[in-house]
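Here is the structure we will look at, set down as structure tokens.
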Amino acid sequence: MSGTDKVQETGAGAIARAAAALRAGDLVILPTETVYGLAADAANPQAVARLYEAKGRPSFNPLIAHVASLEAAEEVAEFDERARRLAGRFWPGPLTLVLPVRRPARVCDLARAGLDTVAVRAPAHPVARALLEAFGGPVAAPSANRSGRPSPTALEAALEETGAAAAAALDGGPCRVGLESTVVALLDEPRLLRPGAVTRAEIEAEIGPLAEAEADAKRSPGRLARHYAPNAPVRLGAEAPRPGEAFLGFGPGAPGPFNLSPAGDLREAAANLFAMLRAADATGPSGIAVAPIPEEGLGEAINDRLRRAAGFVG
Ligand code: TXA
Ligand code: MG
């Protein structure tokens, strides 16, 4: 049961109905510029419990609270100057900030996995913004995949993963970025918890050096080793496919049909990554071989997802 009957146009009526579904404690499939999310009222523990259940996610993995603006974010979290600077530069957009939770907490304990911190992000996608404004409170929205699977970057993939649990689904077209947001913790020294669509260099240009995520794994408890994984085993750094393998190429001359970017452009590769992993997986290969991707700029986030898809800790 794919749930295609739940797809809504994205006019004002559909946005109002989706906001009403959130108020009623129901789940909504929501497009963002990074990946599709499965959304719930972040203040409603029953709704958040249904979210974890729909994803099959360990309940110790905290969720991102999505908000419409910096003003709304400041009601949820304690901002310092560094946080305001990053939000000013990258919001609305694909950057998540982990900050001390503001009391009384607007994001329920379950959504924060009991932590005294909260992750906040103001997404840029116009449909996400419209829903967040119509709803008026923080919205918990993990990627709409089942736990451990590749994030959906198109509505059809989101419906396939978690559509059965959603009361409504908003169609925002294919995701422009295609990789999840960058997660930065600003608790003591700034730390990169998850490389993502905003690069390390872009963040360091604003607030100086970022400490490593690995040294601080406790703060991003959801970062399981095998994550973003298709059904077929993934082999990295492959120059060519072996018999039976599907091949994800990168750059000019790589054999089709799955070339992440014929031009060798990391932005294009990021946008294609999850959709091509899914498409390659759907051919039923013995494995998925992936060409080497340069570890610069967005390549850091792409390689992080690929290492997790292959079952290595990033
Ligand atoms: O691009 C995105 O961020 C997408 C779209 C839908 O917005 N959402 C997303 O959510 O990727 P999710 O739940 O799949 O990933 C959230 C990440 C996890 O790695 C989680 O551990 C981390 O953020 N996180 C959330 N709250 C945290 C906290 N209080 N402390 C540390 N890490 C946190
Ligand atoms: Mg996810």
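A short reminder: the numbers here are calculations on the coordinates, not readings from a lab. Just so it is clear, the model here is predicted, and its values are computed rather than measured. Glycine also receives a Cβ, built like all others from the backbone with ideal geometry; neighbour counts cover every protein chain displayed.
Each residue of the stretch 126-139 in turn: what ³J(HN,Hα) in whole Hz from Karplus with 6.51, -1.76, 1.60 and θ = phi - 60°, glycine and Pro shown as x?
The phi angles translate into x, 5, 4, 4, 5, 5, 4, 5, 5, 6, x, x, x, 10 Hz.
Tell me, what ³J(HN,Hα) does each residue in the stretch 140-153 have, in order and in whole Hz, if you take phi through Karplus 6.51 cos²θ - 1.76 cosθ + 1.60 with θ = phi - 60° and put x for Gly and Pro?
7, 8, x, 3, 7, 7, 5, 3, x, 9, x, 5, x, 10
If R0 is 30 Å, what FRET efficiency do you get for Ala240 and Arg89 from their C-beta distance, rounded to 0.05?
0.15
Round to a whole angstrom and tell me the spacing of the C-alpha centers of the stretch 85-99 and the stretch 266-280.
Result: 24 Å between the Cα centres.
Which percent, nearest 5, of DSSP beta bridges in the chain are antiparallel?
Of the beta bridges lying entirely in the chain, close to 45 percent run antiparallel.
Tell me, what ³J(HN,Hα) does each residue in the stretch 252-269 have, in order and in whole Hz, if you take phi through Karplus 6.51 cos²θ - 1.76 cosθ + 1.60 with θ = phi - 60° and put x for Gly and Pro?
x, x, 5, x, x, x, 10, 10, 4, 7, x, 7, x, 9, 5, 5, 5, 5
Would you please give the residues with an amide H less than 5 Å from that of Asn259, counting only those at least 5 places away or on a separate chain, with H modeled from the backbone geometry?
Correct list: Gly249.
Quick query: amide H of Leu193 versus all other amide H atoms, modeled in the peptide plane; which residues come in under 5 Å with a sequence gap of 5 or more or a different chain?
Result for Leu193 returns Val183, Val184, Ala185.
Work out the FRET efficiency for Ala49 and Arg103 from their Cβ-Cβ distance, taking R0 = 25 Å, and round it to the nearest 0.05.
Calculated transfer efficiency: 0.65.
Placing unit charges on C-beta atoms (Lys and Arg positive, Asp and Glu negative, everything else neutral), compute the dipole magnitude of the stretch 3-100 about its Cα centre in debye, rounded to 20.
220
Taking amide hydrogens as modeled 1.01 Å from N in the peptide plane, which residues meet the under 5 Å criterion relative to Arg149, leaving out close sequence neighbours?
It is Tyr228, Ala229, by chain and number.
Rounded to the nearest 500, what is the chain's calculated 222 nm mean residue ellipticity when only DSSP H runs of at least 4 contribute -39500 (n - 2.57) each, over all residues?
-8500 deg cm²/dmol
With the crude spin-label approximation of a point 7 Å out along Cα→Cβ, what separation in nm comes out for Asp80 versus Asn61?
2.9
Treating only the Cβ atoms of Lys and Arg (+1) and Asp and Glu (-1) as charged, compute the dipole magnitude of the chain about its Cα centre; round to the nearest 20 debye.
Using only the charged Cβ atoms, the result is roughly 580 debye.
The chain: longest stretch without exposed GluC sites (Glu not before Pro) (DSSP loop, at most 14 other Cβ within 10 Å), sites themselves excluded?
The answer is 79-211.
Over the chain, what is the mean sequence separation of C-alpha contacts under 8 Å (at least six apart), divided by residue count, expressed as relative contact order in percent?
Relative contact order for the chain comes out at 21 percent.
Where is the GNM fluctuation largest for the chain (alpha-carbon springs, 10 angstrom cutoff): Ile293, Ile15, Ile207?
Evaluated over the chain, the most mobile residue of the options is Ile207.
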